[in-house]
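The values are calculated or read from the model by the stated rules, or taken from the named source; none is laboratory data. Because the structure is predicted, anything quoted here is derived from the model rather than measured. Here the Cβ positions follow ideal geometry from the backbone for every residue, glycine too, while neighbour counts run over all protein chains shown. Heavy atoms of the whole protein, side chains included, go into the accessibility calculation; ligands, DNA and RNA do not. Shrake-Rupley method; radii C 1.70, N 1.55, O 1.52, S 1.80 Å.
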Amino acid sequence: MITRLRQSSLAVDAALFAVVVMWASTFSLFKLAWHQIDPVAFTAVRFAAMVVFSLLLLAGARNRVRPRREDVPWLLASGLTGFFLYQLGFVLGLDRTTALASAILISTHPIFSVLFGWILGRERPSAGQVAGVIVGFLGVAVFLRVWDAVATATAGDLLSLGAAAGFGAYGVINQSLHRRYPSRELMAYGLATGGVLVAVVGIPSMVQQDWGAVGATSWLILVYAIVGPVYLAYALWNWAIGRRGIARTVTYAFLVPVLAAALAVVGLGERLRPEQVVGALLVVAGLVVTRLAGRGPLAEAPAEAVLEDSSVR
């Protein structure tokens, strides 16, 4: 039993690290693709394709779990927060402020998750978990030189902060939904609401885009963006929250800006400054503190949730 639990824990850690890699890659890859594709058109095409893809998977699946009437408001809220508000806030915010300021503000979404989870009574973090979140966020601030990055608030800053709040709420909403719905259904229902809205809002930009001028590299990035950072990453993220709970999951997001910078150092030859090393160490420290503090009963997902999740996969 102990060996099985350890293997399950390692599987959750591996899934969360895969999510970190996919999310960290989006900053540089998307910027590259946006040289040839309008950001809103890029995002609209992504979600139009993902909606179709998810519905096809759902249509061909056996033993589908249909929405309960009492869950419909929460499923709608999941799609609106995790797809519509977060994705548009991310794209529009990044387009209207610096990448550095956007990364700082969006990385605050674990704070919103813990806050919303406490307000809604979904999960009460321990003192150690709160300390880990604070240390991790401090590490992000140091790593990204927050004292130099944001002088005055802009519309892009507010949009990025709104995106962080949206994704933080998404994690809290999905914690209970994931105990009743497999990731396949949860993704399909969310995309059918928030994803469709993203595609509809982006129709004018898609029409105006000169698609004939888009090169092969940008098309490959777009295909990757459809499958990886949202569909696969969200499914793994939801699964991890269902297994481990919010407070022990969201701190992995602090690694995203750190890994994104590391990829830039390796791939683009950028130099790592001393404060970035300090920030990275603080991020890892926050992750370790939260991971160790989360071994108590308050942070663990209920046993029933683990069994239900295993039975539907």
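Just a few scattered comments:
- Residue pairs meeting the criteria (Cβ under 8 Å; at least 6 apart or on separate chains; first under 14 Å from D38 (Cα atoms), in segment 200-226; second among the polar types (S, T, N, Q) and modelled with pLDDT under 95): G202/T43; A213/Q36; V214/Q36; G215/Q36; S218/Q36
- Any pair with Cβ under 6 angstrom, 6 or more apart, that starts in segment 148-165 at a residue that is outside any loop (DSSP other than H, G, I, E, B) and ends at one that is open to solvent by 40 Å² or more (accessible area, probe 1.4 Å) and at pLDDT 85 or above: L159/L92
- Sole exception among (1) at pLDDT 75 or above; (2) open to solvent by 30 Å² or more (accessible area, probe 1.4 Å); (3) charged (D, E, K, R) for R145, by number: (1)
- All told, A24 falls short of being at pLDDT 90 or above, in contact with a helix residue (DSSP H, G or I) (Cβ under 6 Å, 6 or more places away or on another chain) and not in a loop (DSSP other than H, G, I, E, B).
- Among the numbered conditions (1) in a helix (DSSP H, G or I); (2) within 22 Å of the chain's Cα centre (by Cα), the only one that S205 does not meet is (2).
- Some residue of segment 95-105 being aliphatic (A, V, I, L, M) and surrounded by 24 or more Cβ atoms within 10 Å (Cβ to Cβ): yes
- Meets criteria (under 20 Å from V91 (Cβ atoms) and of a type outside the set (K, R)) for V172: no
- Residue match in segment 37-51 (condition: in contact with a Lys or Arg (Cβ under 8 Å, 6 or more places away or on another chain), at negative phi and in a loop (DSSP other than H, G, I, E, B)): no
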